[in-house]
1. So if I check each of A:LEU85, A:LEU99, A:LEU54, which one is under 30 Å from B:ARG118 (Cα atoms), at pLDDT 90 or above and within 14 Å of chain B (Cβ to nearest Cβ)?
2. Would you say A:ARG69 is in contact with a Lys or Arg (Cβ under 8 Å, 6 or more places away or on another chain) and surrounded by fewer than 17 Cβ atoms within 10 Å (Cβ to Cβ)?
3. May I ask you to list pairs of residues, at least six apart or on different chains, whose Cβ atoms are under 8 Å apart, with the first in the stretch A:27-55 being closer than 14 Å to A:ARG68 by Cα and the second being part of a loop (DSSP other than H, G, I, E, B)?
4. Among the listed residues B:MET52, B:MET141, which satisfies the condition of being at pLDDT below 95, surrounded by 18 or more Cβ atoms within 10 Å (Cβ to Cβ) and in contact with a helix residue (DSSP H, G or I) (Cβ under 6 Å, 6 or more places away or on another chain)?
5. If we scan the stretch B:91-101, do we find a residue that is modelled with pLDDT under 80, surrounded by fewer than 20 Cβ atoms within 10 Å (Cβ to Cβ) and within 22 Å of A:ASP16 (Cα to Cα)?
Amino acid sequence: MTPSDRLDATFAALADPTRRAILARLATGEASVTELAEPFAMSQPAISKHLKVLERAGLITRGRDAQRRPCRIEAQPLAEADAWLARYRQLWESNFQRLDGVLEELKARATKPGRRKR
Amino acid sequence: MSNSGNLQVTTPSDREIAMTRVFDAPRALVFEALTTPELVQRWLLGPPGWTMPHCQIDLKVGGAYRYVWRNDEKGMEFGTGGEFREILPPKRIVHTERMDGAPGEALNTTSLTEQGGRTTLTLTMLFDSKEARDATLQTGMEKGVAISYDRLAELLASAAVRKD
């Protein structure tokens, strides 16, 4: 997968409230499907489907214990997505902060009578 | 006073990304800052180290614009440009955007609404294909994209809350 494909998979997996809630739960420690299904009004097969999406996106891994197969969160793809998001937001936030500064100047110019537009 | 942190990023559809930001100025001034080359060159920059040595805006329907950014330290240059489709001062600008080296183009709609002397800017980028979006994602400037990044922030926030 290219970095872009990986980001796509990460964000697609995150585009669902149940999967985000599952990840939030797994951020506190590993859990079995049964434990994960508990807080949701959902069958275990439905939860398993969500887990497959998360697993394919590399966001979780599952243990080998055939009975329990505990799920655990994988930090790497989330960290990559978060770093990307941070750069993107930072770029636009700094652009818009500079725009704030430009607008302050334009406002000062507009309230000073006799000053003409440069 | 800082407006930092109130930038909102959402995804109205899978080919769109929308950003909303409030500015403490009337929209006529925001419109001016968005469409005057000497002003655009001062704020529409990339990550640290990038400047915009070239900014050309022919503000009329069918008119072209061209922005070129440069990073002297890295010896890199990157440009984008397009054509104006709609210009309604001081409330709406629609233009195409084609980044250097990227296939396809995006249609960017900027709308400005004013209330109590403050202006809400909404910028919606509509990509013509997933390929165009991905190519945009991979450009040197890492400018533009799709999908819902605010969802990630929300997830990370909720994960942090659940930890205690």
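The values are calculated or read from the model by the stated rules, or taken from the named source; none is laboratory data. Since this is a predicted model, take the numbers as computed values, not measurements. Every residue, glycine among them, receives a Cβ derived from its backbone with ideal geometry; neighbour counts consider all protein chains shown.
1. Values: A:LEU85 fails: at pLDDT 90 or above; A:LEU54 fails: under 30 Å from B:ARG118 (Cα atoms).
Step by step, each of A:LEU85, A:LEU99, A:LEU54 is checked, and only A:LEU99 is under 30 Å from B:ARG118 (Cα atoms), at pLDDT 90 or above and within 14 Å of chain B (Cβ to nearest Cβ).
2. Numbers: in contact with a Lys or Arg (Cβ under 8 Å, 6 or more places away or on another chain): yes; surrounded by fewer than 17 Cβ atoms within 10 Å (Cβ to Cβ): yes.
Spelling it out, A:ARG69 is indeed in contact with a Lys or Arg (Cβ under 8 Å, 6 or more places away or on another chain) and surrounded by fewer than 17 Cβ atoms within 10 Å (Cβ to Cβ).
3. What qualifies is A:GLU30/A:GLY63; A:GLU30/A:PRO70; A:ALA31/A:PRO70; A:SER32/A:ARG68; A:SER32/A:ARG69; A:SER32/A:PRO70; A:VAL33/A:ARG69; A:ALA37/A:SER43.
4. Working: B:MET141 fails: in contact with a helix residue (DSSP H, G or I) (Cβ under 6 Å, 6 or more places away or on another chain).
Every option except B:MET52 fails the conditions.
5. Step one: list which residues in the stretch B:91-101 are modelled with pLDDT under 80, which gives B:101.
Keeping just the survivors that are surrounded by fewer than 20 Cβ atoms within 10 Å (Cβ to Cβ) gives B:101.
If we keep only those that are within 22 Å of A:ASP16 (Cα to Cα) as well, we get none.
Checked against the condition, which is being modelled with pLDDT under 80, surrounded by fewer than 20 Cβ atoms within 10 Å (Cβ to Cβ) and within 22 Å of A:ASP16 (Cα to Cα), the stretch B:91-101 yields no hits at all.
Conditions (1) surrounded by fewer than 16 Cβ atoms within 10 Å (Cβ to Cβ); (2) at pLDDT below 80; (3) more than 8 Å from chain B (Cβ to nearest Cβ), marked per residue:
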{"site": "A:ASP8", "(1), (2), (3)": "no, yes, no"}
{"site": "A:ALA15", "(1), (2), (3)": "no, yes, no"}
{"site": "A:ALA21", "(1), (2), (3)": "no, no, no"}
{"site": "A:ALA24", "(1), (2), (3)": "no, no, no"}
{"site": "A:THR28", "(1), (2), (3)": "yes, no, no"}
{"site": "A:SER32", "(1), (2), (3)": "no, no, yes"}
{"site": "A:PRO39", "(1), (2), (3)": "yes, no, yes"}
{"site": "A:SER43", "(1), (2), (3)": "yes, no, yes"}
{"site": "A:ILE47", "(1), (2), (3)": "no, no, yes"}
